[in-house]
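Undergrad: To start, I am sharing the structure in question, which I have written as structure tokens.
The values are calculated or read from the model by the stated rules, or taken from the named source; none is laboratory data. This is a predicted model, so every value here is computed, not measured. Here the Cβ positions follow ideal geometry from the backbone for every residue, glycine too, while neighbour counts run over all protein chains shown. Remember, those area values only see protein heavy atoms, side chains included, never the ligands or the DNA or RNA. Shrake-Rupley method; radii C 1.70, N 1.55, O 1.52, S 1.80 Å.
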Amino acid sequence: MTSNTCDNSQVSETQNQFEETRLVQLRKHGSVLLMPTLLLLMVSGLVTFFLPKLSEQWQQQLLLAAGSSAGFLFWLVPSIRFLSNRFELTSNRVVIRTGLFGTKSEQVAWGELSGVSVQRGFGLWLKGAGNVHLHRTSGEDLVLPHVPKAKRLAREIESYLSQRSSMRK
């Protein structure tokens, strides 16, 4: 008769300790889409105003094509960028995805961070947003720009950092 000396509960606890879980996923504050939306409304208004004034069909088609192109550039591209760029805070690291389709990523482990601060101008203060700076022990700060409820997020990150540092001691 053989006996199993391995305690499976200890093995599963150590595996869970190294698994990465997503704590939160954030995007920039939605107000970054205000200017693209205003530009889209302005282009639409101009096309609507000038379209009946053009007598030739080719002129109307050219105006519609120019208006559609402007709408694509000024509204659709920033909207795609807004929806694809995000900040992920996981149990092991912070990941920032940027670029038109979120293809560029920058990541830093929690162990490399020494502190958090928030910078807000008057406009960001009015929106309740801010730029969250994650201070690295070596190198440049990692910046999460235009984060909604930035002060609350900074407090949560600071408590998470202090909790992780107390667990290591």
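Undergrad: How much length would be gained if the chain were fully extended between VAL95 and TYR160, taking 0.36 nm per residue of separation minus their Cα-Cα distance, in nm to one decimal?
TA: 21.8 nm
Undergrad: Quote the charge dipole size of the chain about the Cα centre in Debye, to the nearest 20; the model charges only the Cβ of Lys and Arg (+1) and of Asp and Glu (-1).
TA: 540
Undergrad: Before I look further, what does the range 62-144 give for accessible area per residue, probe 1.4 Å, in whole square angstrom?
TA: On a per-residue basis, the range 62-144 sits at 53 Å².
Undergrad: What number comes out for the charge environment of ARG22, summing +1 per Lys or Arg and -1 per Asp or Glu over other residues with Cβ under 15 Å away?
TA: Value of the local net charge: 0.
Undergrad: Also: Going by alpha carbons, how many degrees (0 to 90, nearest 10) lie between the helix axis of 8-18 and the longest principal axis of the chain?
TA: Rounded to the nearest ten degrees, it is 40.
Undergrad: Note the full-extension length gain between LYS151 and ALA66 as 0.36 nm times their separation in residues minus their Cα-Cα distance, in nm to one decimal.
TA: That pair, LYS151 and ALA66, stretches by 26.3 nm at full extension.
Undergrad: Further, regarding this structure: Quick one: net charge around THR98, please, counting Lys, Arg +1 and Asp, Glu -1 for every other residue with C-beta under 13 Å from its C-beta.
TA: +4
Undergrad: Can you list residues from other chains, or at least 5 along the same chain, whose modelled amide H is less than 5 Å from the amide H of GLY115?
TA: For GLY115, the qualifying residues are HIS135.
Undergrad: At R0 = 22 Å, how high is the FRET efficiency between VAL24 and TRP125 if r is their beta carbon distance? Nearest 0.05 is fine.
TA: E(calc), rounded to 0.05, equals 0.50.
Undergrad: Using 1/(1 + (r/R0)^6) with R0 = 25 angstrom and r between the beta carbons of GLU88 and LEU41, what's the FRET efficiency to the nearest 0.05?
TA: Here the calculated transfer efficiency is 0.15.
Undergrad: Taking the Cα atoms only, what angle lies between the long axis of helix 150-168 and the longest principal axis of the chain, rounded to 10 degrees?
TA: 20
Undergrad: On to the next question. Can you give the extra length, in nm with one decimal, that the chain gains between PHE49 and SER138 once fully stretched, where that is 0.36 nm per residue apart less the Cα-Cα distance?
TA: 26.4 nm
Undergrad: May I pose another question? How large is ³J(HN,Hα), in whole Hz, for each residue of the range 111-125 in order, when computed from phi with the Karplus curve 6.51 cos²θ - 1.76 cosθ + 1.60 and θ = phi - 60°, using x for Gly and Pro?
TA: x, 7, 8, 10, x, 9, 9, 10, 10, 9, x, 5, x, 5, 5
Undergrad: So, one more: Quick one: in the chain, what % of C-alpha pairs are over 20 Å apart?
TA: 66
Undergrad: In a shell of Cβ-Cβ distance under 13 Å around LEU33, excluding LEU33 itself, what net charge do Lys and Arg (+1) and Asp and Glu (-1) give?
TA: +4
Undergrad: Which of the lysines could a cross-linker span from LYS127 if the Cα-Cα distance has to be under 30 Å and same-chain partners fewer than 8 positions apart are dropped?
TA: Once the sequence-local lysines are set aside, what remains near LYS127 is LYS28, LYS104, LYS149, LYS151.
Undergrad: Taking all protein chains as present, what is the carbon and sulfur share of the accessible area of the chain, in % to the nearest whole number, probe 1.4 Å?
TA: About 58 percent, which is the carbon plus sulfur part of the accessible surface.
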